[in-house]
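A.B. asks: Sharing a structure, written as structure tokens. Questions coming.
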Amino acid sequence: MRKVLVALFFSFLIVAVSQAAPGGAVRCGKLVDVRAGRLLENQLISFDADGTITSVAPAGSSLPSGTIDLAKATCLPGLIDVHTHITGDPSHSGYAGLGISVPRSAVTGAKNARLTLMAGFTTVRNVGAAGYSDVAVRDGINAGEIPGPRMFVSGPPLGITGGHCDDNLLPAEYHHVAEGVADGPWAARAKVREVIKYGADVIKICASGGVLSKGDQPGTPQYTLEEMTAIAEEAHKLGRKVAAHAHGTQSIKDAIRAGIDSIEHSSLIDDEGIALAKQHGTYLVFDIYNDDYILQMGEKAGMLPESIEKEKKIGRLQRENFRKAFKAGAKIAFGTDSGVYPHGDNAKQFGKMVEWGMKPIDAIQAATINAADLIGVKAGAIEAGNFADIIAVDGNPLENVPVLENVKFVLKGGAVARNDFAAK
Ligand SMILES: [Zn+2]
């Protein structure tokens, strides 16, 4: 009996030891301290077997065995994009999109999840997908079946009949209604409950008209204040945040007043809207890279001619209002609308943000600590207790932000997804 107990005791000890065993460590020649906006030299980041950072400290003269040595590289926290459409590609625009099934878009999502992770984005918030294709991609990643970022997903976006989040390409005899359509406060509440039932981490709604939809205008309100108030209340009660697509001046203000957590696009925001966002602590997300792509490549990708005309009117205004909102001190999170342009090019937006008034560190903070705060994820800074999400590049992104377009090392939750520094 005693022998059995002793054996049991030792087996418990082994389990306890293996659980506490370090998962590994990374040595960084330089490390961007994203909160302070400065470079730290020669840091050792240790993480446990669950992929959580346990310590960040100056590296000693000898490294623990198994340490990944990035002595010549600059490390940053894994990047975060709060506005992706992983299950869509630019070629799915306009009428071509009607030929793509929900299962097929899940396969597209698996392809794009990998591209996004390899580009250094270890977390994304996916706001709008056909069916629950984004739920499937998220679950496949979490099960370890496919590579991809940590995903927070919305499923189908909520919207009014005939609005940006409906599908207006077919005539009436097809009786086609997008699955997120819900008119009126109670129908909208019921839709919030429905998307949560099928796996949504976040609620996406269309507050105003949009660019890539048929028959509406970006500046026109769609959901009413009353509807959005009901949606925000229902979502918050069920522990979910709400992201509102809103280009239009009035819709932006209605969404903020309704208690929505982030305004997507924010294109035609005015001074009052900026002041309201600051007052309510609402995040603004400006996807200011994809304008270039739509104007240069949109027609070839099959986007509707009216969409390209709308982008011509709104693109520059959005960039000017981004600069204004940033100068005024509004909270800004990094979101790109990937899928409108090819996935994996997400980091091209950093250069645009700097071109339009930010310092590199401001743009990096938008894609790290701010984005993590908006999503509510333990990431966005290389600190004990956060996921061991670490990327590395050559050069200094605080001086030359486009180096982030060439990420060479990606660690997600303590697992190496990419290491070009190891390749000889
Ligand atoms: Zn979008």
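The values are calculated or read from the model by the stated rules, or taken from the named source; none is laboratory data. Owing to the predicted nature of the structure, the values given are computational and were not obtained by experimental measurement. In this analysis, Cβ positions are derived from the backbone assuming ideal geometry, glycine residues included, and neighbour counts consider all displayed protein chains. Accessible surface areas use protein heavy atoms only, side chains included; no ligands, DNA or RNA. Shrake-Rupley method; radii C 1.70, N 1.55, O 1.52, S 1.80 Å.
A.B. asks: Can you tell me how much longer the chain between Asn406 and Glu226 gets when fully stretched, taken as 0.36 nm per residue apart minus their C-alpha distance, in nm with one decimal?
C.D. replies: Roughly 60.3 nm would be gained on extension.
A.B. asks: Another question, then. Where does the chain land at 222 nm, in deg cm²/dmol rounded to the nearest 500, when only DSSP H runs of n ≥ 4 count, each adding -39500 (n - 2.57), divided by all residues?
C.D. replies: Helix contribution divided over all residues of the chain: -11000 deg cm²/dmol.
A.B. asks: Each residue of the stretch 289-299 in order: what ³J(HN,Hα) in whole Hz does its phi give by Karplus 6.51 cos²θ - 1.76 cosθ + 1.60, θ = phi - 60°, with x for Gly and Pro?
C.D. replies: 7, 5, 3, 4, 5, 4, 5, 8, 10, x, 4
A.B. asks: Report the full-extension gain for the segment Leu295 to Tyr95: residue separation times 0.36 nm, less the Cα-Cα distance, to one decimal in nm. Don't skip to the end; give the middle numbers.
C.D. replies: Details: separation 200, 0.36 × 200 = 72.00 nm, distance 1.83 nm.
Difference between extended and current length: 70.2 nm.
A.B. asks: At a probe size of 1.4 Å, how large is the accessible area of Lys331, to the nearest 10 Å²?
C.D. replies: Counting only protein heavy atoms, the figure is 80 Å².
A.B. asks: What share of the DSSP beta bridges in the chain is antiparallel, in percent to the nearest 5?
C.D. replies: Just about 50 percent of them are antiparallel.
A.B. asks: Here's another thing I want to ask about it. Using +1 at the Cβ of each Lys and Arg and -1 at the Cβ of each Asp and Glu in the stretch 86-221, identify which of Val177, Met151, Gly99 lies farthest towards the dipole's positive end.
C.D. replies: Value: Met151.
A.B. asks: Something else: Please give the solvent-accessible surface of Phe47 in Å², to the nearest 10, using a probe radius of 1.4 Å with every protein chain present.
C.D. replies: Spelled out: Phe47, probe radius 1.4 Å, area about 10 Å².
A.B. asks: Out of Ala187, Ala363, Leu268, whose Cα points farthest toward the positive end of the dipole of the chain (charges: +1 Lys, Arg; -1 Asp, Glu; placed on Cβ)?
C.D. replies: The listed residue farthest towards the positive side: Ala363.
A.B. asks: Right, something else. For Leu170 paired with Asp139, estimate the spin-label separation in nm (one decimal), with each label point 7 Å from Cα along the Cα-to-Cβ line.
C.D. replies: 2.5
A.B. asks: Next question, about the same structure. List, largest first, the extents of the alpha carbons of the stretch 26-176 along their principal axes, each in whole Å.
C.D. replies: Largest to smallest, the principal-axis extents are 74, 32, 23 Å.
A.B. asks: In addition: Based on the alpha-carbon set only, what is the convex hull volume of the stretch 133-266 divided per residue, in Å³?
C.D. replies: Cα-based convex hull of the stretch 133-266, divided per residue, equals 113 Å³.
A.B. asks: If you average 1/r over every pair of different alpha-carbon atoms in the stretch 246-362 and take one over that average, what Kirkwood value in Å do you get?
C.D. replies: This gives a value of 14.5 Å.
A.B. asks: Let me ask you something else. Past the 17 angstrom mark, what percentage of all C-alpha to C-alpha distances in the stretch 247-301 do you count?
C.D. replies: 39
A.B. asks: Across the Cα atoms of the stretch 316-424, what radius of gyration and what greatest pairwise Cα-Cα distance (Dmax) are found, in Å?
C.D. replies: 14.8, 47
A.B. asks: To the nearest 10 square angstrom, what accessible area does Arg418 show with a 1.4 Å probe?
C.D. replies: 70
A.B. asks: Given a 1.4 Å probe, how much area per residue of the stretch 186-310 is accessible, in Å²?
C.D. replies: 37
A.B. asks: Could you sort Thr220, Thr67 by their accessible area in this structure, using a 1.4 Å probe and putting the largest first?
C.D. replies: Ranked list, largest accessible area first: Thr220, Thr67.
A.B. asks: Then there's this: At a Cα cut-off below 19 Å, give the lysines reachable from Lys237, other chains included and same-chain residues fewer than 8 away excluded.
C.D. replies: Cross-link targets: Lys191, Lys197, Lys204.
A.B. asks: Please check: in the Gaussian network model of the chain (C-alpha springs, under 10 Å), which one of Val137, Val56, Val410 has the largest mean-square fluctuation.
C.D. replies: The residue with the greatest mean-square fluctuation here is Val56.
A.B. asks: Distance between Cα centroids, the stretch 75-136 to the stretch 178-207: provide it in whole Å.
C.D. replies: Each part reduced to its Cα centre gives a spacing of 20 Å.
A.B. asks: Separate question: So if I place +1 on the C-beta of Lys and Arg and -1 on the C-beta of Asp and Glu, and nothing else carries charge, what would the dipole magnitude of the stretch 191-298 be about its Cα centre? I want it in debye, nearest 20.
C.D. replies: The dipole of the stretch 191-298 has a size of about 440 debye.
A.B. asks: Right, here's the next one. Pop out the carbon and sulfur fraction of the accessible area of the chain as a percent, whole number, probe 1.4 Å.
C.D. replies: 55
A.B. asks: In Å, what is the Rg of the alpha-carbon atoms in the chain, and how long is Dmax?
C.D. replies: 22.4, 82
A.B. asks: Pull up all non-local amide H partners of Ile332: gap of 5 or more, or a different chain, and H-to-H distance under 5 Å with H placed in the peptide plane.
C.D. replies: Amide H to amide H, under 5 Å and 5 or more residues apart or across chains, Ile332 pairs with Leu284.
A.B. asks: Taking the alpha-carbon centroid of each part, what is the distance from the stretch 285-362 to the stretch 364-379 in angstrom?
C.D. replies: 19
A.B. asks: Further, regarding this structure: How large is the charge dipole for the stretch 128-206, taken about the Cα centre, if only the Cβ atoms of Lys, Arg (+1) and Asp, Glu (-1) carry charge, to the nearest 20 debye?
C.D. replies: 340
A.B. asks: Moving on. Among Trp356, Trp186, what's the order by accessible area (1.4 angstrom probe), most exposed first?
C.D. replies: Trp186, Trp356
A.B. asks: Something else: Got a sec to turn the phi values of the stretch 34-51 into Karplus ³J(HN,Hα) couplings, 6.51 cos²θ - 1.76 cosθ + 1.60 with θ = phi - 60°, whole Hz, x for Gly and Pro?
C.D. replies: 5, 6, 7, x, 9, 9, 9, 9, 6, 9, 10, 10, 10, 9, 8, 5, 7, x
A.B. asks: Place a +1 charge on the Cβ of each Lys and Arg in the chain and a -1 charge on the Cβ of each Asp and Glu, then give the dipole magnitude about the Cα centre in debye, rounded to the nearest 20.
C.D. replies: Numbers: 43 positive and 47 negative charges, 251 e Å.
It works out to roughly 1200 debye.
A.B. asks: Normalised by the residues of the chain, what does the relative contact order come to in percent, with Cα pairs under 8 Å and at least six apart?
C.D. replies: Relative contact order of the chain: 19 percent.
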